[in-house]
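Novice: What follows is a structure written as structure tokens; I'll ask about it next.
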Amino acid sequence: MTEKFLTVPPFECAWREDLKFREAGRGCVAFEALACNDVTLVFRENVGSQGYHYKRDSSPHYTIILGSHRNRRLRIEVNGKTVVDVAGVGLCCSSSFQSYWISIYDGLITIGNGKYPFQDVVFQWLDSSPYCNVHYIGLSSWDKHVKYRNVNVLSLTNTHMPLSKHVVFGDYQLEDEIDYKHMDYDKWGLLNFLESWDLSDVLFIVGQEEKPVPAHKPILAASGNFSFCSSSFVIKLPSVSYPLLHALLHYIYAGWTQIPHEQLGALRALSLQFEVTPLVKQCEEVMERFKLDKKLLETSKNVELTYPSIRPHCSTLSSLPVSIQRLKQLKLTGQYSDVNIYIESYGLIARAHKIVLSLWSIPFARMFTNGMSESMTPEVTLRDVPPEAFKAMLDFLYDGQLNDKVIDSGALLLQLLLLADKFGVTFLQQESCKMLLECLSEDSVCPLLQVVSSIPSCGLIKETLQKRISMNFDYYISASIDFVLLDETSFTNIIKHPDLTVTSEEKVLNAILMFGMKAKELLGWEVVDQLMINSKPELLFGERLQLVYDLLPFVRFPLLQYSLLEKLQNSNISWRVPVVQNLVNEAINFVKHGLAGPEYEENVRFQHRRSSYRELQYICDGDDHGVIYFAGTSYGEHPWVNPLLAEPKKITITASSPHSRYTDPKVLVSRTYQGTCFAGPRLENGHKCAWWMVDLGQDHQLMCNYYTLRQDGSKAFPRFWNIQGSLDGKSWTNLRVHENDRTVCKPGQFASWPINGPNALLPFRYFRVVLTGPTTDVTNPWNFCICYLELYGYFL
């Protein structure tokens, strides 16, 4: 199921013994699905029978339906009864596989849309009478086929279990105070300041023993109604025991707490007094559960109460009973503020709260608690800090989210990433990296890699960028000279990357030489060869000479054409650089004599790259060298058949107008002349257009450098159109723009055009020719009348 997909026919349900939670009632299933509607998952105690369907199930079960009501709603059923029916949430996708995840924890059902479980939550629902024995997962459907793949069942750990509450019984104990100065960044949070004297500005005096318990006004004010602490530093609670207050504060600072069951009523009363509403509600729910099941009282001593959160036992703001709105209001008004932050050459930028800054950032915490000047004064001045980025970071520290202004600005996101690294705000780093990757453009990949290469905590984004350059190597070494400015480690990782994808090993050689020279403009090895007539390698490559020597063996010279190897053998580069001479001679011997042996079989220089392109070169109009023809042969496996009639289909063709007698995708790739064949008009983003689109499939891409059209039998000749490429079928890149192009002027005429420039080196899965202006036909000027389409280039 990880390599292929499972198709569930209408009104059926697929069961597998391995699709089950490790712990009954608690688990998460992540999967991808492709369907028009009704992606349906069933959760029950036992595996269903062969003819099972959830509509006929009389045993306890949960049913979750994504894209119900013709892909308009999300529905959750309990034992066949609908308990949730919401519009516009968790919808299906019929054009490509969509990623989802669903977790269940003691009746709390959480649904997410995305590749990464426990992120991108779209809906949560808590069953007040949970069925905690669900164990197996069934993949079902309604009235249409549903395709599933990459189905994985995950256990829920303390770091990411999405629960509303859970009751755990054990020995009652108070947690030892944590030394934040030696704390791991990943474990940092508000819990580190629980009952800590650091940064405290209010003191509870509890019990008859008058035990002092420090706390922080901003946190209390955002968690409940502690209004009487605003005018006083000391709050006396003589009738409240220390364990009871500790349980309340632990819930606020950590997002969970533990209490002996006989003290639940007292904890509820204290929570009610301070209006900590989530804790009041959970105390009441657990007390009600004890009333219904007296046996729990006999077997239990303590109760654990956890705030509803996607990341319980994690003391960052999103996992705590702290009101983000109240916290933002405190920032806006400056109430309880204890530090004025200035930026050099800018002035006052914020009246902030040390505890809020410190709960996110160990550097801030050390700054405010190390006994130096910053901890003694209510003013802090920062240097070399961009004001707008710092404001954005402050906003994140108070609400845990990036605002739209930041998301829409790549430059601001990059500054924010650097600030997050400087101040150790791990979650902001993760969000900034995620947003940067999502809004990444081809032109910003190399500059971004230059910046993050020096940040140790950005390992994931560095690996992602290096892989992206490796897989689109032709483009990045031909579109600009930016790659030359990368650090040596990053460039080396790209050259050695197992996914390095090139159309010719000559381009790898060129890139290494340009990088070694720190070239100011794009050039090939022939230019370097000329420069070596009057210059030694030591002068040409300088400090990067040894790196060039180290990287040259990663050029797979035996894959070059023999004529090119002969040129290199007689070049100044071979004469001046012994490494090149040895590698070229080795390649020539291999090509001429076909040497065999383990030393050649195991050496990667003599092997084709794992992801090498096949060149499909334009020869003439209507030839059999294009990618659509190639797909009709199952990529060279058998004689040609219409690729849309083959089983399974190798490509998909769609039009801007519905399928009809004269709008038939099969005709476009049939290689036969048709008198009438057109794609009709539609509105997109307020503009009229008409198009034909080719989907090469999820396993294939094309760097398109030529294409051919053929006019049908009409005189509706196109004058304004574009050919575009896309990776997802949604965001399109223009490969060639035709403005008042009068090439097509006869019915049935073939016409072909080259695609030049850097975009011809970008691989795409989807291609479309889109009419952007009226044709010469007065009657139906927006019908795109072509009966043939072919694409050429480098096919992967």
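Novice: Would you mind getting me the FRET efficiency between residue 581 and residue 450? Use the beta-carbon distance for r and R0 = 45 Å, nearest 0.05.
Specialist: Working: r = 33 Å, r/R0 = 0.74.
Using R0 = 45 Å, I get an efficiency of 0.85.
Novice: What residue among 324, 31, 749 has its Cα farthest toward the positive end of the dipole of the chain, where the charges are +1 on Lys, Arg and -1 on Asp, Glu, each on the Cβ?
Specialist: Of the candidates, 749 comes out farthest on the positive side.
Novice: Would you please classify the overall shape of the range 1-114 from the alpha carbon gyration tensor, given that a ≥ b ≥ c denote the square roots of the eigenvalues, rounded means a/c under 1.5, and beyond that prolate means a/b larger than b/c while oblate covers the rest?
Specialist: rounded
Novice: Just the accessible area for residue 16, please: 1.4 Å probe, Å², rounded to the nearest 10?
Specialist: Number for this one is 90 Å².
Novice: Taking a quarter of the surface of the convex hull around the Cα atoms of the range 626-773, what do you get in nm²? It would help to have the intermediate numbers written out before the result.
Specialist: Values: hull surface 35.5 nm².
Here the figure is 8.9 nm², rounded to one decimal.
Novice: Give me the orientation-averaged projected area of the Cα convex hull of the range 537-583, in nm², one decimal.
Specialist: For the Cα atoms of the range 537-583, the hull's average projected area reads 3.2 nm².
Novice: Something else about it: Can you work out ³J(HN,Hα) from phi for every residue in the range 82-95, in order, using Karplus 6.51 cos²θ - 1.76 cosθ + 1.60 and θ = phi - 60°, giving whole Hz and x for Gly and Pro?
Specialist: Ordered by residue, 3J(HN,Hα) equals 6, 10, 9, 8, 10, 8, x, 10, x, 7, 8, 9, 9, 9 Hz.
Novice: Determine how large the accessible area of residue 434 is when every protein chain is in place; take a 1.4 Å probe and give Å² rounded to the nearest 10.
Specialist: Only protein atoms counted, so the area is about 60 Å².
Novice: Further, regarding this structure: Give a residue-ordered list of calculated ³J(HN,Hα) values for the range 248-265 (Karplus: 6.51 cos²θ - 1.76 cosθ + 1.60, θ = phi - 60°; whole Hz; x for Gly, Pro).
Specialist: 5, 5, 4, 5, 6, 7, 10, x, 7, 7, 9, 8, x, 4, 6, 9, 4, x
Novice: Here is a follow-up. What do you reckon, how do 532, 435 stack up by accessible area (1.4 Å probe), largest on top? Let's see the in-between values first.
Specialist: Values: 532 0, 435 30 Å².
So the residues, ranked largest to smallest area, are 435, 532.
Novice: If packing is taken as the average number of other Cβ atoms within 10 Å across a peptide's residues, how do 534-540, 338-344 rank, most packed first?
Specialist: Output ranking for 534-540, 338-344: 338-344, 534-540.
Novice: Give me the dipole magnitude in Debye, nearest 20, for the range 582-729 about the Cα centre, with unit charges on the beta carbon: positive for Lys and Arg, negative for Asp and Glu.
Specialist: 660
Novice: On a 0 to 90° scale, report how tilted helix 410-423 is relative to the longest principal axis of the chain, with both axes built from alpha carbons and the result rounded to the nearest 10.
Specialist: Relative to the chain, helix 410-423 is tipped by roughly 50 degrees.
Novice: Restricting to the chain, compute how many DSSP beta bridges are antiparallel as a %, nearest 5.
Specialist: 95
Novice: Which one, 240, 197, 689, projects farthest toward the positive side of the charge dipole computed for the chain from Cβ point charges (K/R +1, D/E -1)?
Specialist: Selected residue: 689.
Novice: What accessible area per residue, rounded to a whole number of Å², is obtained for the chain using a probe radius of 1.4 Å?
Specialist: Numbers: 36380 Å² over 796 residues.
That works out to 46 Å² per residue.
Novice: Dipole size in debye (nearest 20) for the chain around its Cα centre, Lys and Arg Cβ +1, Asp and Glu Cβ -1?
Specialist: With only Lys, Arg, Asp and Glu charged at Cβ, the dipole is about 1920 debye.
Novice: Please report the spacing between the Cα centers of the range 258-286 and the range 12-34 in Å, no decimals.
Specialist: 36
Novice: To continue, here is another question. Hey, any idea what % of the range 189-270's accessible area is carbon plus sulfur with a 1.4 Å probe?
Specialist: That share works out to 53 percent.
Novice: Next up: If the chain were replaced by its equivalent ellipsoid, with semi-axes equal to the square roots of 5 times the Cα gyration tensor eigenvalues, what would those be, largest first, whole Å?
Specialist: 57, 38, 26
Novice: Is the shape of the range 241-287 best called rounded, prolate or oblate, per the rule: a/c under 1.5 gives rounded, else a/b larger than b/c gives prolate, else oblate, with a ≥ b ≥ c the square roots of the Cα gyration tensor eigenvalues? Kindly include the intermediate steps, with their values, before the conclusion.
Specialist: On the way: a/c = 1.26, a/b = 1.07, b/c = 1.17.
The shape class here is rounded.
Novice: What does the extension gain come out to for residue 6 and residue 604, with contour length at 0.36 nm per residue minus their alpha carbon separation?
Specialist: Between residue 6 and residue 604, full extension yields 211.6 nm more.
Novice: From the residues 652, 722, 672, which one has its Cα farthest along the dipole of the range 643-744 in the positive direction, the dipole being from +1 and -1 charges on Cβ of Lys/Arg and Asp/Glu about the Cα centre?
Specialist: Farthest towards the positive pole: 672.
Novice: On the first, second and third principal axes, largest extent first, how far apart are the outermost C-alpha atoms of the range 2-47 in Å?
Specialist: 32, 24, 17
Novice: May I ask you to order 545-552, 717-724 by the average number of other C-beta atoms within 10 Å around their residues, highest value first? Don't jump to the answer; show the numbers that get you there.
Specialist: Details: 545-552: 17.4, 717-724: 20.4.
By packing density, highest mean first, the sequence is 717-724, 545-552.
Novice: How large, in percent, is the carbon and sulfur part of the accessible surface of the range 38-137 at a probe radius of 1.4 Å?
Specialist: Details: 1850 of 4280 Å².
Answer for the range 38-137: carbon and sulfur cover 43 percent of the accessible area.
Novice: A further question on this structure: For the range 656-743, would you read off the P(r) tail past 19 Å as a percentage of all alpha carbon pairs? Please report the intermediate quantities before stating the final value.
Specialist: On the way: 1844 of 3828 pairs.
Taking all Cα-Cα pairs of the range 656-743, the fraction more than 19 Å apart is 48 percent.
Novice: Let me ask another. Return one number: the angle in degrees, 0 to 90 and rounded to the nearest 10, between the long axis of the Cα atoms of helix 387-399 and the longest principal axis of the Cα atoms of the chain.
Specialist: It works out to around 50 degrees.
Novice: What does the highest-first list of 700-706, 390-396, 559-565 look like by mean Cβ count within 10 Å?
Specialist: 700-706, 390-396, 559-565
Novice: To the nearest 20 debye, what is the magnitude of the charge dipole of the range 689-737 about its Cα centre, counting +1 on the Cβ of each Lys and Arg and -1 on the Cβ of each Asp and Glu?
Specialist: For the range 689-737, the charge dipole is close to 340 debye.
Novice: Same structure again: Straight distance only, please: which lysines reach the Cα of residue 331 with their own Cα at less than 24 Å, same-chain residues fewer than 8 apart left out?
Specialist: Within the straight-line cut-off, residue 331 pairs with 217, 354, 391, 405, 422.
Novice: With all protein chains present and a 1.4 Å probe, how do 527, 146 order by accessible area, largest first?
Specialist: Highest to lowest solvent-accessible surface, that is 527, 146.
Novice: Can you sort 15, 691, 142 by solvent-accessible area, 1.4 Å probe, largest first?
Specialist: Largest accessible area first, the list is 142, 15, 691.
Novice: Subtracting the Cα-Cα distance from 0.36 nm times the residue separation, let me have the gained length for residue 563 to residue 496 in nm, one decimal. Please list the in-between numbers first.
Specialist: Values: separation 67, 0.36 × 67 = 24.12 nm, distance 2.60 nm.
Result: 21.5 nm gained on full extension.
The values are calculated or read from the model by the stated rules, or taken from the named source; none is laboratory data. Every value quoted in this text rests on a predicted model; they were computed, and no experiment measured them. Because the Cβ atoms are built from the backbone with ideal geometry, glycine has one as well, and the counts that use them run over all protein chains shown. For the accessible areas, the whole protein counts, side chains as well, though only heavy atoms, and no ligand, DNA or RNA atoms are used. Shrake-Rupley method; radii C 1.70, N 1.55, O 1.52, S 1.80 Å.
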